[in-house]
Amino acid sequence: GGLDESHGLGEYEDYLQQMAEVAPFLAREASLFGRSACEGLWPAWTQDAFAAARPEGDWLGGPPWGMQADFAQELSLAGLPLAYQRESASVALLSGDNVLAFSEEELTELLSGGLLLDAPALARLQELGLGEHTGFALAGQRADDTLEIFGKDELSGAFPGWERDCRQSFRAWWQPGWLLEPLSSVARPLSHAVDYAGKDYGALAGAFENTLGGRVAILGYYPWSYQLWRGSSDRLKRLARWLSRDSLPAWVASHHRVPLWARRDEEGRPELFVLNASLDAAKGCQIAVKAAGPARYIPVSGTEQLLEPGAQQGGYTLYELPSLAPWQPALVAFD
């Protein structure tokens, strides 16, 4: 009979009705995922993260640049899966002073796997005597008028020579460009800092395979923001695959603003939650999954569809999703 407006609860009626309509979808999600962990890129947050913030300054002032809780947001929006615990991670992300939340033994273990760093995190690793395992040292900063020019290395993406200009002169989002100096002949510069007159100041991003058996990548120019244009998101995906040695469970292979979460069912099969985090319909979205054979596409409402496997790409199978409406979620399940 509806909610009694005299108690001011009527405004919730539509919400409760819609929740009832999507309840079967949520129940299906719960039955597929169970209590399995999300797999993918781990932002390296622990209970000690806030205690490590601003060790040389105003601790109560909050985390410094690079340690915002949402610093991994654009990696997710680009279509890379996030993990929320170390045990289910293929790659760890370290930002700024969060390095100080870990012991030297723990950091050495992280450096022995796949690790994506920003420049402030590299600075902390250098202070702790672990910089040799990253392949690069900091060589200064560029405060203004800096472009990031993508190099020809396959890890820097499929867009050599493309420019990334984050407009440092706009102080509302100013960040320095951190220059990197290779410490080894096998350290791979991925991009360079160039001013508006075309002068090259050195590397801005790099990748390195160390003697611990780990793979490390460093981003020195707006590492966690303004990464969603095609060239940048392509590079992020290439780096994540390389760092993980292609152990990521899934990722979005096309250029769409579609985050996905990858978990497993009781049989160990990958099960995915996808979301179109855009105001435009996501048409032709392709996901790459460590799986084979047909998949089931389960929309939040409507009819379940069969997804036929497409091309193979480095141990992954491509699947094209039906058009996803703005902010529409769906499940992708494997039998």
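The values are calculated or read from the model by the stated rules, or taken from the named source; none is laboratory data. All of these numbers come straight from a predicted model, not from anything done at the bench. Every residue, glycine among them, receives a Cβ derived from its backbone with ideal geometry; neighbour counts consider all protein chains shown. Just the protein is used for accessible areas: all its heavy atoms, side chains included, with ligands, DNA and RNA removed. Shrake-Rupley method; radii C 1.70, N 1.55, O 1.52, S 1.80 Å.
Numbers at a glance
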item	result
Residues satisfying the stated conditions in region 299-312, i.e. open to solvent by 50 Å² or more (accessible area, probe 1.4 Å) and either in contact (Cβ under 8 Å) with a residue 12 or more places away in the chain or on the phi < 0 side of the Ramachandran plot (or both)	Ser301, Thr303, Glu304, Gln305, Leu306, Glu308, Pro309, Ala311, Gln312
Count of region 207-241 residues which are more than 17 Å from the chain's Cα centre (by Cα) and not charged (D, E, K, R)	6
Total residues in region 83-99, condition in a strand (DSSP E or B) and either crowded, with 24+ Cβ neighbours inside 10 Å or hydroxyl-bearing (Ser, Thr, Tyr) (or both)	5
The one condition in (1) of a type outside the set (S, T, N, Q); (2) over 30 Å from Ile298 (Cβ atoms); (3) modelled with pLDDT of 90 or more that Arg28 fails to fulfil	(2)
Selection status of Arg235, among the charged types (D, E, K, R), under 23 Å from Leu204 (Cβ atoms) and modelled with pLDDT of 95 or more	yes
Contacts under 7 angstrom Cβ, first residue in region 28-42 being in contact (Cβ under 8 Å) with a residue 40 or more places away in the chain and part of a helix (DSSP H, G or I), partner open to solvent by 40 Å² or more (accessible area, probe 1.4 Å) and not aromatic (Phe, Trp, Tyr), 6 or more apart	Phe33/Arg263
Qualifying residue in region 231-248 (condition: in contact with a Cys (Cβ under 8 Å, 6 or more places away or on another chain), open to solvent by less than 10 Å² (accessible area, probe 1.4 Å) and of a type outside the set (Phe, Trp, Tyr))	no
Boolean, Asp280 is surrounded by fewer than 19 Cβ atoms within 10 Å (Cβ to Cβ) and within 20 Å of Gln328 (Cα to Cα)	yes
Among residues of region 169-187, those that are in a helix (DSSP H, G or I) and touching a Cys at 6+ places or on another chain (Cβ under 8 Å), counted	1
Residue among Arg241, Arg235 that is of a type in the set (Lys, Arg) and in contact with a helix residue (DSSP H, G or I) (Cβ under 7 Å, 6 or more places away or on another chain)	Arg235
Subset of region 47-75 [open to solvent by 20 Å² or more (accessible area, probe 1.4 Å) and modelled with pLDDT of 85 or more]	Gln73, Glu74
Qualifying positions in region 206-232 - within 22 Å of Ala253 (Cβ to Cβ) and either outside any loop (DSSP other than H, G, I, E, B) or of a type in the set (Lys, Arg) (or both)	Ala207, Arg215, Ala217, Leu219, Arg230, Gly231, Ser232
Members of region 104-145 that are open to solvent by 60 Å² or more (accessible area, probe 1.4 Å) and either touching an Asp or Glu at 6+ places or on another chain (Cβ under 8 Å) or assigned to a strand (DSSP E or B) (or both)	Leu128, Gln141, Asp145
Subset tally (residues that are open to solvent by 30 Å² or more (accessible area, probe 1.4 Å) and either in contact with a Ser or Thr (Cβ under 9 Å, 6 or more places away or on another chain) or not in a strand (DSSP E or B) (or both)) for region 146-168	10
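Let's see how each residue does on (1) of a type outside the set (Gly, Ala, Ser); (2) at pLDDT 95 or above; (3) open to solvent by less than 40 Å² (accessible area, probe 1.4 Å):
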| position | (1), (2), (3) |
| --- | --- |
| Ala187 | no, yes, yes |
| Leu190 | yes, yes, yes |
| Ala193 | no, yes, yes |
| Leu204 | yes, yes, yes |
| Phe208 | yes, yes, yes |
| Leu212 | yes, yes, no |
| Val216 | yes, yes, yes |
| Leu219 | yes, yes, yes |
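Conditions tested, residue by residue: (1) surrounded by fewer than 19 Cβ atoms within 10 Å (Cβ to Cβ); (2) without any contact (Cβ under 8 Å) to a residue 12 or more places away in the chain; (3) over 20 Å from Leu77 (Cβ atoms).
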residue: Pro294; (1), (2), (3): yes, no, yes
residue: Tyr297; (1), (2), (3): no, no, yes
residue: Gly314; (1), (2), (3): yes, no, yes
residue: Leu321; (1), (2), (3): no, no, no
residue: Pro326; (1), (2), (3): yes, no, no
